[in-house]
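Have a look at the structure below, then the notes.
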Amino acid sequence: MLKTMPNRLLSQIAPLALLASLLGGCASQPAMHAGWLVPEPLAASTRTELAIARLSEILYRAELSEEQSAQLYYDRGVMYDSVGLRSLARLDFIRALRLKPDMADAYNFVGIHNTVNGDFNSAFEAFDSALELAPEHEFAYLNRGIALYYAGKTELALTDFKRFLALKPNDAYRVIWLYLAQSDVSTEQARTELKQNLAKLDKAEWSTNIVRFLAGEMAEQTLLDSVLQDLSNSQLLAERLCEVYFYLAKWHESQNRQEQALTYYKQVLATNVFEFVEHRYARLEIARLRGDTMPASEYDEP
């Protein structure tokens, strides 16, 4: 759905000019075979690894102002995050905030990591800080909504998801997250609004198929077959599988098919598309299904 930073949701970050040559390049073509629906884990990009090394060298050797250092720590944190090194990423985001306490994007990432860890109180504080600094930071609304959703504060989550969708009504993933939260309140109302929002989406966009499936207009196998629609490279295949398996897992869970949901969540993790919201929260979904204890939230009633 949303690359947690990607061509979709979370934060949109412009790469540093000094790293442009390292991050460019073209993707390889996918090998199509009978097992194409089995995710092939994406490997960490050599360009990203070199970029991390280059940033580290600059941070340790160059004479930088506090603001410059903060930006470089943040950029390196984003790269660590993109390859799944989230503890290292979190350390860099915290370093960036110590040097530049008004960095809204860093607070947004800290909030995401706190949500993934089930530390909802800290997540709310981080997202609130991001929005205080940058009231129009749209992805902070998404991510705070997700934190509230997983904390069981659905009514509050709906407010953030609705605001997020209003900023881009033709984004299928925004429609989906609003639907997921609404379904916890009223299945009938959620289905009605889903169909209304579906009418605003571009039918040519592959992501619209997920909404059509949730609205009952497409069969599960048809949705899976659609993954090959206009497929151009192996990375796109992994990204689509990351997304489709996550939302199929959510749907199967809603149908009380926990085992199938668990299987799909594991397939999400197998893609290694670390930047996507779907990959980020698949492990949290697995923990919920298994009944693992989640930390208490200050939003909980006494």
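The values are calculated or read from the model by the stated rules, or taken from the named source; none is laboratory data. This is a predicted model, so every value here is computed, not measured. Please note that ligands, DNA and RNA were not included when accessible areas were found on the heavy atoms of the full protein model with its side chains. Shrake-Rupley method; radii C 1.70, N 1.55, O 1.52, S 1.80 Å.
Overview of results
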item	result
The range 110-179: C-alpha gyration tensor shape, a/c 1.5 cut-off, then a/b vs b/c	oblate
Å² of accessible area per residue within the range 232-287, as computed with a 1.4 Å probe and no ligands counted	33
Accessible area in square angstrom per residue, the range 32-121, 1.4 angstrom probe	51
Apportionment of accessible area to carbon and sulfur, the range 197-302, percent (1.4 Å)	45
Contour minus Cα-Cα distance for L231 and L37 (0.36 nm per residue)	68.5 nm
Per residue solvent-accessible surface (Å²) - the range 130-190, probe of 1.4 Å	40
Computed lengthening from E125 to S87, 0.36 nm per intervening residue step minus Cα-Cα distance	11.8 nm
Under 28 Å from the Cα of K100 - lysines, other chains or at least 8 residues apart	K3
Hits among lysines - C-alpha to C-alpha of K203 under 17 Å, sequence gap 8 or more where chains match	K168, K195
The range 39-189, accessible surface, carbon-and-sulfur percent (1.4 angstrom probe)	47
The range 165-182 and the range 119-149: distance between their alpha carbon centers, rounded to Å	17
Ranking by accessible area, most exposed first, for E193, E136 with a 1.4 Å probe	E136, E193
Accessible area of K195 in the full protein assembly, 1.4 Å probe (Å², nearest 10)	100
